[in-house]
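All of the numbers you see were taken from the coordinates with simple rules; none came from a lab. Every value quoted in this text rests on a predicted model; they were computed, and no experiment measured them. Cβ atoms come from the backbone with ideal geometry, glycine included; neighbour counts cover every protein chain shown.
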Amino acid sequence: MATRIGVDIGGTFTDLVYFDEAQGRSFVGKVPTVPHAPEEGVIDAITRHVPRSVIADARFFLHGTTVGLNALLERRGAKIGLIATEGFRDVLEIRRGDRAEMYNLFWRQTQPLVPRRLRLEVGGRIMADGSERTPVDPRSVEAAARTFMNEGVDSVAVSLINAYANPAHELEVERLMRGAGFAGGISLSHRISREYREYERTSTTAIDAFVRARMSSYLRRLEGRLQALGFAGTCLITRSGSGSMSFAEAEDRPFETIMSGPVGGAQGAGEIAKALDIDTLITADVGGTSFDTALILHGQPQVLYEGIIDNMPIQTSWVDVRSIGSGGGSIAHVDAGKLMRVGPKSAGASPGPAAYGKGGVEPTTTDAAAYLGMLGPGDLASGIHLDLGKAEAAIAPVAEAIGKDVEHTASGIMRISSAAMANAIREISVDQGLDPRGMTLLPFGGAGPLMACLLADELAMRRIVVPPFAGNFSAWGLLGADMVQSAALTRIMDFVPASLPAIDAVIGELFETIEARGAGQAADAVRSVRLDLRYKGQEHWLTVEVGIAGTAIAEPVEAIRDRFIDDYIQTFGKTMNETVELVSVRASKTLPLPRRDIGEKPDAMPGTEREPLSAYSFARQRRVPFRIVEREAIVEPVAGPAIIIEATTTTYLDADWTARIGAIGEMILERD
């Protein structure tokens, strides 16, 4: 395996894992995140924890970041305009005409990224079959260009009706815009997405135009800083749909990195599931500001082909990670009805929880855990030592407001947090007809192992696997992110043998598109194709992978149709007596990175037996003595109650649970 460095930026901490090929070992580091300049946290983590010789020898730098996501959520992107076909100016505002919260009378739709005065129409029309009905009106394009320049627009999204079927009009608009003197960025929808659905394609194009400049600037600054440290390898960033892409391609397709941050943990969980032969796994990534969970089936994270951020759809592959505002920094408060709530507001990296001693005064989940003794002696990563007095002082006003003592309030904060996280897990399991009680929970992140037993109690789960490098697991997952390129094209037709030549032609076109981006051309790149299929007359589809030879489907239509019907029955409980129809073709190329041995089971190191600590047991509902155990020192099974400490996280092992070390260094927790 090549030497590589992985860095994941979280809301509170920036996590690092690097693999030193010379030693055959992985090492971890954790530093506070710098919210106003995230690249500073990345460079700080590398300079503190990676030797210069390793930086110089590293072949890959792999990165997970929420820069694009935060730009969207905070509306801190470019000033953008939109060019639409005549009559489609308001597609971003009309949307689908539905409501995200249909019974909430006070619900308001998210404001579009483009104000109406900067949404302009141009003449011309392409039909759904790709034929031209009316040519582009040059005067309307030139007038739009003048308006954008007068308004100081930085970037323009061009999304014309049916451009997925024929991009000629969008290319002509781009030519005319440049001819009129517009020098800003131009995002053409057919380069972003070749799929139908006008609103979703326009939304994705607007998002691309909005985040492009900020993402490009960030990646260039980071790459320059890495080169100044002596790094001469390849810089990669994770894609929302798993896998990785080069910094250069991310600058060109920034919308594919919107969910870059949470993907590393899901990828790593898939590797762990395969290594341990776990069929169904649920992840629990608890960071400082959020809780992320994903379902891993047969060693693979579940991938969707459309995501939603702040009620705005993004038409790209998307690992199905559900996130809520509940983490170690989530602030407890009392609402108007005198009920205690936890989150979604977070203390973040600055000022952080009160117990960090950095100026925070509001009670957080970390403060509650510290006061209850769940974090053991209180020595955390980055040299942080918890101040229990400040934690108690922060919780006291909330305790007074609800008429309870501080201990009762702190335990309530932990229970409320775990209940919110459990509800998110139910969305990806129970709501999809799957029973979490028979699944394995994989907790990671700075507070994942801390919350694991509480989460398992909420969901009646009996088995927990705490992976190696749990506190930095998302960064560890980055190290296995193969380079992936993908493209999709909508071509609606009956799925019958006579359609195969047309489908094969689309497959060939898609792989040409991928190769034109300058990626995936290595001899060992692996090709794959998926088809979106549905019954004729339906609106939505199911995606089925098919076998290919070169750029042609290599199995009978009947076999593919049978798999679609099986999936349909499993999903909806019945089938239909209708013709199966093709909607879109999806192609991808995967360039595997050099393989790594994930079975880095460390040798057990004898630890010094520490004095037991009085901590709160949720199983016993009172404080009891907890053993303090170092994870590296575990040889025989450890019976709870115990607090298991390691460099970057703490595992809370309640009474009635037992921990043991598994085959690849994972820690297996089982309920007695």
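Worth pointing out:
- Judged by the mean number of other Cβ atoms found within 10 Å, the most tightly packed of the peptides 268-280, 220-232 leads the ranking 268-280, 220-232.
- Estimated at 0.36 nm per residue, the fully extended path between residue 500 and residue 663 surpasses their Cα-Cα distance by 54.0 nm.
- Compared with the dominant principal axis of the Cα atoms in the chain, helix 198-228 is inclined by about 60°.
- Counted by Cβ distance under 14 Å from residue 339, the other residues give a net charge of +3, where Lys and Arg count +1 and Asp and Glu count -1.
- Estimated FRET transfer efficiency (residue 401, residue 435; beta-carbon r; R0 60 Å; 0.05): 0.95
- Virtual spin-label span in nm between residue 252 and residue 611, 7 Å along Cα→Cβ: 6.3 nm
- Ranked packing of 121-127, 282-288, most packed first, by mean Cβ within 10 Å: 282-288, 121-127
- Antiparallel DSSP beta bridges within the chain, as percent of all bridges there, nearest 5: 70 percent
- Calculated P(r) of the chain - Cα pairs past 42 Å, %: 29 percent
- Centre-to-centre, using Cα atoms only, segment 159-175 and segment 35-77 are separated by 36 Å.
- Fewest-first ordering of 404, 338 by other beta carbons within 10 Å of each residue's beta carbon gives 338, 404.
- As a rough guide to protection, the peptides 488-496, 211-219 ranked by mean Cβ packing within 10 Å, highest first, stand as 211-219, 488-496.
- Using the Cβ of residue 490 as centre and a radius below 14 Å, the other residues enclosed give a net charge of -2, where K and R count +1 and D and E count -1.
- Distance in nm between pseudo-label sites at residue 302 and residue 274 (7 Å out along the Cβ direction from Cα): 2.1 nm
- Annotation: extensible slack from residue 578 through residue 117 equals 161.4 nm (criterion: 0.36 nm per residue apart, minus Cα-Cα distance).
- Added length on full extension, which subtracts the Cα-Cα distance from 0.36 nm per residue, residue 100 to residue 427: 116.1 nm
- Charge sum, other residues only, whose C-beta stays under 15 Å from residue 136's C-beta, Lys/Arg counted +1 and Asp/Glu -1: -3
- Helix 406-428 axis, angle to the chain major axis (alpha carbon atoms, nearest 10°): 30 degrees
- For segment 483-591, the extents of the C-alpha atoms along the principal axes are 43, 26, 24 Å, listed from largest to smallest.
- Once the Cα atoms are used to define both axes, helix 448-459 deviates from the longest principal axis of the chain by about 80 degrees.
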